[in-house]
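Everything below concerns the one structure shown next.
The values are calculated or read from the model by the stated rules, or taken from the named source; none is laboratory data. All of these numbers come straight from a predicted model, not from anything done at the bench. Using ideal geometry, Cβ is built from the backbone for each residue, glycine included, and neighbour counts are taken over all protein chains shown. Accessible surface areas use protein heavy atoms only, side chains included; no ligands, DNA or RNA. Shrake-Rupley method; radii C 1.70, N 1.55, O 1.52, S 1.80 Å.
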Amino acid sequence: MLEEMNDNLSQTSKETDGNLATDVQANTEVTNNQATEQTSEDTEILEKQKALNEIEASNAEEHEDETLKARHEIPMLDYDTLSMEAIVDELQKLVSNEKVMSIREHVEEIKKAFLSKYNHFIEEKKEEFLAENPDTTEEFQYHYPLKNKFDQLYNLYKDNKNTHFKSLQNNLKSNLEIRLAIVEELKELINPNENIKDTLKHFNELRERWKNAGPIPKDKYNHVWNNYHFHVENFYDYLHLDREARDLDFKHNLEQKQKIIARVEELLHEEDVNKSFRELQDLHRIWKEEIGPVSKEFRDEIWNQFSDLTKKMHDKREVLFEKMRGTELENLQKKKDIIAQIEELATIKVNAHSQWLVQIEKVEALRDTFFSTGKVPADVNEETWAAFKNAVRNFNAFKNSFYKDIKKEQNENLNKKNALVAKANELKDSEDFAGTTPIMKQIQEDWKKIGHVPRKYSDKVWAEFKEACNHYFDRLKEQRNEHNAEEMEAFDKKKAYLETIKEFQLVGDHKTDLDAIKQHIENWKSFGKVPFTRRHIEGKFNKILDALFDKLSLSKKDSDMMRFANKIENLSESHDSRKLENEKIFIIRKIEEVQNEIFQLENNIQFFANTKNAKKENSIVLEVRKNIAIHKESLDTWKEKLKQLRNINQE
């Protein structure tokens, strides 16, 4: 309490060596007894004393360690609303730039906010790990570099604080002994046998020593200061000093205290209540530590004015706190709504990865909003935080159950892809390019149809598959490059031979001419395959053959079969299985068409044979029979072609 609580101490108490601790305790007991009576005056006294005690406690703490005064100039951020990265950045700024004891409240708030978020973050990572590895015996570990940085900064702060405390404690004890010794010397000043001038000189020396004595433990602050003021007032009141000098001192002190009161009245109208209250706290310290006593007639009055104004400022601050508590209640409701939304999302079942990504994004947005909403009332803070963590945990468990099934499917996909990798590795050095190439292409198509594999294996299995395929197709490309050179050489030979055969003339002998044509065909085949882009030269050769066959006295069937044999042989050499299959389908359809046509013609003959005028229709029947014979000859040709084609496939 301030020294004015002792201004009205009884004469007896003042004569008992300033035993202020006993007097204050007695006054406190009286105040408590009065409070029990529940009178309005008692309530007012208690409220006023509460405001004074709050300032006294803070000033005592700051007097012990003057670096604490700087803490009021550092804004206290709402660290709960910041990300972990931003929190660590703020901690680094404080530890690097501010005095260690000025930031202790800030650091503790930072520690609480960071660890809450970090522990929640690690819990989620652990749940993800267990969901992805349900059968693992491996212990969960997660390295988070930001946590290491936080620990380093916090440990630096603790080291600095410990160093500061060690230095401070030694000084506090020494300073306390010095101040207690000064108080004892003040007691001895009241001695009428000493010369007044010497006594006054000694008194001023003691005041100067007191001023420079330094900080003392905060739990001794009020007792020691009040004892000091008690004996200073005794010196003024009971020694026959120079009254003119004493009155001037009283007057000066009164003017200083009146100025403080005037300043407090101005502070009551300031908008920044926290800043005003901080200045009020400084004014109390000045009132107590720097300004001496006033004459008895003004002591109660001036102190009551100051304490009444202090009570008003305290009430104004309480209104601000009530408003802040209202904001905290609004924040609480907002956070409850966020928790409810997350809980609802934990009940909505979706069955696709893309849909889960949407749900996850919603929860992340709600988490960000939760962290940025601001403080809630302290008494429900832990409960709210626990509810939030539980809601997120339930959502993650719900999500992980889906991805657990996905994990099983991905492992199956991994097995399928590993099988394709093994097959590709088995075929990558094959020399049978004609037979292997379609298989390798099919392997690649099969790979595309297989879904995702576990992320940690994805790159590895793809690299192995790609390496095997690239190895094979690079070899295929080299082989084709060699063939291309051979094919261009064959093209050049066929181009020159085409000019020769254009000059070829039949001699008129059927066997001789047929053997000559067959020899031309064999010669043409011997040149080999031409590039795909030069295949038109085959058509030119076939045209010349068609013209030669037309000049030969061959049957239509023989001529047709020779042309067909040449055609399918070219298709066979080109290894174009698709065209050979298409040719086969075409022939089968033609056979079906001819057979249907023969069946229809034979039905027609039956119809004409059953009519009364069958003899008159004999010419029509003969025509139909002729058509049947033609179709049967055509059918034989198509069947022969199908037989040749099947023989090629079997080979």
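Taking region 411-434 as the range and being out of contact with any Gly (no Cβ under 7 Å at 6 or more places or on another chain) and among the polar types (S, T, N, Q) as the test, the residues that pass are N411, N415, N418, N425, S430. I'd like to check something: does region 590-598 contain any residue that is outside any loop (DSSP other than H, G, I, E, B), among the polar types (S, T, N, Q) and modelled with pLDDT of 75 or more? Looking for residues that are outside any loop (DSSP other than H, G, I, E, B), among the polar types (S, T, N, Q) and modelled with pLDDT of 75 or more, one finds at least one in region 590-598, hence yes. The condition of being surrounded by 13 or more Cβ atoms within 10 Å (Cβ to Cβ), within 30 Å of E487 (Cα to Cα) and modelled with pLDDT of 70 or more holds for only one of L642, L601, L635, that being L642.
Among the residues of region 413-460, which ones are part of a helix (DSSP H, G or I), touching a residue at least 40 places away in the same chain (Cβ under 8 Å) and closer than 24 Å to S354 by Cα? Hits for region 413-460 are N413, L414, K417, Y457. Please indicate, with yes or no, whether at least one residue in region 305-313 is in contact with an Asp or Glu (Cβ under 7 Å, 6 or more places away or on another chain), assigned to a helix (DSSP H, G or I) and open to solvent by less than 60 Å² (accessible area, probe 1.4 Å). Yes, because at least one residue in region 305-313 is in contact with an Asp or Glu (Cβ under 7 Å, 6 or more places away or on another chain), assigned to a helix (DSSP H, G or I) and open to solvent by less than 60 Å² (accessible area, probe 1.4 Å). Take the conditions (1) of a type in the set (S, T, Y); (2) touching a residue at least 60 places away in the same chain (Cβ under 8 Å); (3) in contact with a Ser or Thr (Cβ under 9 Å, 6 or more places away or on another chain); Y157 misses just one of them, which is (3). Pairs are defined by a Cβ separation below 8 Å, a sequence spacing of at least 6 or placement on different chains, a first member in region 88-116 that is in a helix (DSSP H, G or I), and a second member that is among the small types (G, A, S); the pairs so defined are S102/A70.
None of E124, E138 is under 21 Å from the mean Cα position of the chain (by Cα) and among the charged types (D, E, K, R) except E124. What do you reckon, is K335 at pLDDT below 85 and either in a helix (DSSP H, G or I) or of a type in the set (A, V, I, L, M) (or both)? Here the answer is no, as K335 does not meet what is asked. Would it be correct to say that E205 is surrounded by 13 or more Cβ atoms within 10 Å (Cβ to Cβ) and without any contact (Cβ under 8 Å) to a residue 24 or more places away in the chain? No, not satisfied.
State yes or no: is L280 in contact (Cβ under 8 Å) with a residue 24 or more places away in the chain, open to solvent by less than 30 Å² (accessible area, probe 1.4 Å) and of a type in the set (A, V, I, L, M)? So L280 passes the test. When the test is whether a residue is open to solvent by 60 Å² or more (accessible area, probe 1.4 Å), at pLDDT below 85 and part of a helix (DSSP H, G or I), H483 passes it. Within region 350-363, is there a residue that is in contact with a helix residue (DSSP H, G or I) (Cβ under 7 Å, 6 or more places away or on another chain), part of a loop (DSSP other than H, G, I, E, B) and closer than 26 Å to D405 by Cα? There is at least one residue in region 350-363 that is in contact with a helix residue (DSSP H, G or I) (Cβ under 7 Å, 6 or more places away or on another chain), part of a loop (DSSP other than H, G, I, E, B) and closer than 26 Å to D405 by Cα.
Considering (1) in contact with a helix residue (DSSP H, G or I) (Cβ under 9 Å, 6 or more places away or on another chain); (2) open to solvent by less than 70 Å² (accessible area, probe 1.4 Å), the lone condition that A378 does not fulfil carries the number (2).
The number of residues in region 293-329 that are under 24 Å from P215 (Cβ atoms) and modelled with pLDDT under 80 comes to 0. Confirm whether F129 is farther than 17 Å from E90 by Cβ, hydrophobic (A, V, I, L, M, F, W, C) and in contact (Cβ under 8 Å) with a residue 12 or more places away in the chain. So F129 fits the description; yes. Checked against the criterion of being within 13 Å of Y79 (Cβ to Cβ), in contact with an Asp or Glu (Cβ under 7 Å, 6 or more places away or on another chain) and of a type in the set (V, I, T), the candidates I103, I110 yield just one match: I110.
Check region 362-374 and report whether any residue there is under 20 Å from M84 (Cα atoms), crowded, with 16+ Cβ neighbours inside 10 Å, over 17 Å from the mean Cα position of the chain (by Cα) and hydrophobic (A, V, I, L, M, F, W, C). For region 362-374, residues under 20 Å from M84 (Cα atoms), crowded, with 16+ Cβ neighbours inside 10 Å, over 17 Å from the mean Cα position of the chain (by Cα) and hydrophobic (A, V, I, L, M, F, W, C): absent. Any residue in region 283-294 that is touching a Pro at 6+ places or on another chain (Cβ under 9 Å), open to solvent by less than 70 Å² (accessible area, probe 1.4 Å) and touching a residue at least 24 places away in the same chain (Cβ under 8 Å)? No; the residues of region 283-294 include none that is touching a Pro at 6+ places or on another chain (Cβ under 9 Å), open to solvent by less than 70 Å² (accessible area, probe 1.4 Å) and touching a residue at least 24 places away in the same chain (Cβ under 8 Å). Within the span defined as region 512-532, one or more residues are under 60 Å from the mean Cα position of the chain (by Cα), surrounded by 11 or more Cβ atoms within 10 Å (Cβ to Cβ) and farther than 16 Å from F549 by Cα. Whether any residue in region 166-179 is touching a residue at least 60 places away in the same chain (Cβ under 8 Å) and within 30 Å of K456 (Cα to Cα) is what I want to check. Within region 166-179 (the criterion being touching a residue at least 60 places away in the same chain (Cβ under 8 Å) and within 30 Å of K456 (Cα to Cα)), the answer is no, since none of the residues qualifies.
Of the residues making up region 390-405, those that are open to solvent by 40 Å² or more (accessible area, probe 1.4 Å) and either charged (D, E, K, R) or in contact with a Phe, Trp or Tyr (Cβ under 9 Å, 6 or more places away or on another chain) (or both) are R393, Y403, K404, D405. Count of region 423-436 residues, restricted to those that are surrounded by 12 or more Cβ atoms within 10 Å (Cβ to Cβ) and over 20 Å from A463 (Cα atoms), is 3.
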